[in-house]
1. Leu76 accessible area, nearest 10 Å², 1.4 Å probe?
2. Compute the acute angle (0 to 90°) between the alpha-carbon long axis of helix 9-35 and the principal axis of greatest extent of the alpha-carbon atoms of the chain; round to the nearest 10°.
3. For the chain, what does -39500 (n - 2.57) per DSSP helix run (n ≥ 4), summed and divided by total residues, give at 222 nm, in deg cm²/dmol to the nearest 500?
4. I'm checking a number: the convex hull volume of the Cα atoms of segment 39-111, normalised per residue, in Å³. What is it?
5. Please work out the Kirkwood hydrodynamic radius for the chain, using every pair of different C-alpha atoms, and report it in angstroms with one decimal place.
6. Each residue of segment 92-107 in turn: what ³J(HN,Hα) in whole Hz from Karplus with 6.51, -1.76, 1.60 and θ = phi - 60°, glycine and Pro shown as x?
7. Could you give the semi-axes, largest first, of the ellipsoid that matches segment 1-71, computed as the square roots of 5 times the alpha carbon gyration tensor eigenvalues and rounded to whole Å?
Amino acid sequence: MTAKKNISKAFNIILWIVQILMCLTLVWGAYMKIFTPQPQLSDLWSWMAEVSPAFLYTTAIIDFLGGLGLVLPGLLNIKPALTFWAALGVVVLMVSAIVFHVSRGEAEDIGFNLVFGLFAGFVCWGRR
């Protein structure tokens, strides 16, 4: 175990739970953005009616890749250090979402992005 950090089993389990929940959330969001008609999406999130389909699909791809990046490297034990970078990417995504919402006068909508960004930061810290 020279290359791996010595973290407790309980801490590792907590990290995995957070990573899996974040992955499921991001993949669900990507699925919704790709397969739900834009007018229906705007019932859930009003801003989605006001952006281009290209913007929506781009964020869906980023969500999907971020979600997979949080679990696949560790699960498959192929370059598990990539999990750190995926989590860092999710932090950047959430900061970008916060800036997007604040610039549109939707500061009341940033709670999810703030909490999700903190979870991603936790994964960054735990998987560094």
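The values are calculated or read from the model by the stated rules, or taken from the named source; none is laboratory data. Keep in mind that this is a model prediction, so the values were computed, not measured. We work out accessible area using only protein heavy atoms, side chains counted, and drop any ligands, DNA or RNA first. Shrake-Rupley method; radii C 1.70, N 1.55, O 1.52, S 1.80 Å.
1. 100 Å²
2. Taking Cα atoms only, the helix is inclined about 30 degrees.
3. Numbers: 5 runs with 96 residues, N = 128.
Calculated at 222 nm, the ellipticity per residue is -25500 deg cm²/dmol.
4. Numbers: hull volume 7.3 nm³, N = 73.
So the per-residue Cα hull volume is 101 Å³.
5. Numbers: mean 1/r = 0.0648 Å⁻¹.
Evaluated over the chain, this radius sits at 15.4 Å.
6. 4, 4, 5, 5, 4, 5, 5, 4, 4, 5, 5, 5, 9, x, 10, 4
7. Details: eigenvalues 233, 28, 12 Å².
Largest first, segment 1-71 gives 34, 12, 8 Å.
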